[in-house]
Amino acid sequence: MKKIYLDYAATTPCDPEVFKAMEPYFYEKFGNASSLHSYGQEAKKAIEDSRETLAQCLGAKPEEIVFTSGGTESDNFALNGVAYALEKKGNHIITTAIEHHAITEPAKFLEKKGFKVTFVGVDKFGLVSPEDIKNAITDKTILISVMQANNEIGTIQPIAEIGKIAKEKGISFHTDGVQTVGHIPINVNELNVDLLSLSAHKFYGPKGVGALYIRKGTRIETFLRGGDQEKGKRASTHNTSGIVGLAKAIELCNKKMDSEIKFQGALRDRLIKEIPEKIPEVRLNGHPTKRLPNNVNFSIKYIEGESILLSLDLLGIACSTGSACTSSSLEPSHVLLAIGLNHETAHGSLRISLGRWTKESDIDYFLEHLPKVVEKLRAISPLYEKK
Ligand SMILES: *Cc1c(COP(=O)(O)O)cnc(C)c1O
């Protein structure tokens, strides 16, 4: 059976070149980067070279990069680290209603610890208004965290503008760049951010490794305590192979970025145009233009995202939904609710995310089968019958 992966926003396969670059660090170059002998020094050199590469790709300085275990750790580090470093200065944090759980959960935990958190809402496209952020600022605000692009609906936020506001007020500004790094051009200075999270497995690198960019002078409390790796900012033996893989991955992404944006963007636009032509009563979620080049998200009325997902899976097509009926909660995605969808429409959402190995013929196959799947499911849907 044909197998078509359209879930690159969930994770990406490793690029073969990334895998090749990592391989020696499992065998002959296995040293602990903290060791003084040649094994250790070889690993240390590889890590420092990787730091240099990543910094260069972000417009940062190497000493502003801390390697972590991924996006979740970087987000937790940024929130907790800044909150506890500045708790004497203030206890107010601003974030948004559409962040990844790696931000909302630590934010809610900080609320329990006595911090005040404002979750700023978004418009129907999922856009955060810089004006709303500005209005939420109090003299106790110490941190603002707004994701650069949303993982479900792909909307890209006006980060530079929000960063300018934060800078003027002397407030630390973090962005979750897990969906953007490697996919669109990023420069931490143009974005006016003090902290930025990224994760290798979202841009063709390995799982379990990421980084937090921390602008020089930003006050942040150590999150993972232990040895003095990463200048005492993040303990634990370095994941040398992972870090080497991350650097190789970002390097490849930068090389291919222009053509990937063009190619994936064209396929995205084709899906956005043709899905409503082929299927009645669908709604595009996210911003029509300010969105990731590889993200498409539709609500398909009267049926459940999970049923569509499972039917597509039987045809060899993998995508994703914001409906969560089989997970522990019956609540649909907080992101879809935040853009104003009712529960029923939110439960019928389908995310299609494209990547390096998506072919035009994959989209042909998808567009051929999706309408048939929807028609079949609607035929047995009690919601559709009642209409
Ligand atoms: C995937 C993702 C994360 C979590 O990253 P991990 O490396 O999987 O921990 C955080 N934020 C966003 C926006 C993501 O898409």
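The values are calculated or read from the model by the stated rules, or taken from the named source; none is laboratory data. Keep in mind it's a predicted model, so treat the numbers as computed, not measured. With ideal geometry, Cβ positions are generated from the backbone for all residues, glycine too; neighbour counts draw on all protein chains shown. Each accessible area value is taken on the protein alone, full model and side chains, heavy atoms only, with ligands, DNA and RNA left out. Shrake-Rupley method; radii C 1.70, N 1.55, O 1.52, S 1.80 Å.
General remarks:
- Counting only residues at least eight positions apart within a chain, or on another chain, the lysines with an alpha carbon under 28 Å from that of residue 278 are 2, 3, 124, 262, 290, 301, 359, 372, 376, 386, 387.
- Rounded to the nearest 10 degrees, the inclination of helix 360-379 to the longest alpha-carbon principal axis of the chain is 50 degrees.
- Candidate cross-link partners of residue 248 among the aspartates and glutamates, defined by an alpha-carbon separation under 18 Å and a same-chain spacing of 8 or more, comprise 15, 17, 23, 42, 48, 49, 52, 258, 260.
- Size of charge dipole - the range 16-252 - debye, nearest 20, with Cβ of Lys, Arg +1 and Asp, Glu -1, no other charges: 580 debye
- Straight-distance candidates among the lysines for linking to residue 113, with alpha-carbon spacing under 22 Å and chain neighbours fewer than 8 residues away dropped: 88, 89, 140.
- Amide H to amide H distances under 5 Å link residue 4 with 317, 318, where only residues 5 or more positions off or on other chains count and H is placed in the peptide plane.
- With respect to the chain, whose longest principal axis is taken over its alpha-carbon atoms, helix 305-314 is tilted by about 90°.
- Inverse of mean 1/r across different Cα pairs in the chain, Kirkwood, Å: 21.8 Å
- Working ranking of peptides 69-75, 199-205 by packing, defined as the average number of other Cβ atoms within 10 Å per residue, highest first, is 199-205, 69-75.
- Packing order of peptides 262-271, 232-241, 175-184, highest average first: 175-184, 232-241, 262-271 (average count of other Cβ atoms within 10 Å over each peptide's residues).
- Only beta bridges with both residues in the chain are counted; by DSSP, about 55 percent of them are antiparallel.
- Sorting the segments 161-174, 7-20, 344-357 by their mean number of nearby beta carbons within 10 angstrom, highest to lowest, gives 344-357, 161-174, 7-20.
- Projecting the Cα atoms of 19, 254, 148 onto the charge dipole of the chain (Cβ charges, centred on the Cα centre) puts 148 farthest toward the positive pole.
- Local charge for residue 64 was computed over the other residues whose Cβ lies under 12 Å away, with Lys and Arg +1 and Asp and Glu -1, and equals +2.
- Principal semi-axes in Å for the range 84-139 [√(5λ), Cα gyration tensor, largest first]: 21, 15, 7
- Dipole axis of the range 80-235 (+1 Lys, Arg; -1 Asp, Glu on Cβ), positive-most option in 122, 83, 187: 83
- Carbon plus sulfur fraction of accessible area for the range 16-252, probe 1.4 Å, in percent: 51 percent
- 1.4 Å probe accessible area per residue over the range 101-257, in Å²: 40 Å²
- Cβ-placed point charges (K, R +1; D, E -1), dipole of the range 135-263 about Cα centre in debye, nearest 20: 300 debye
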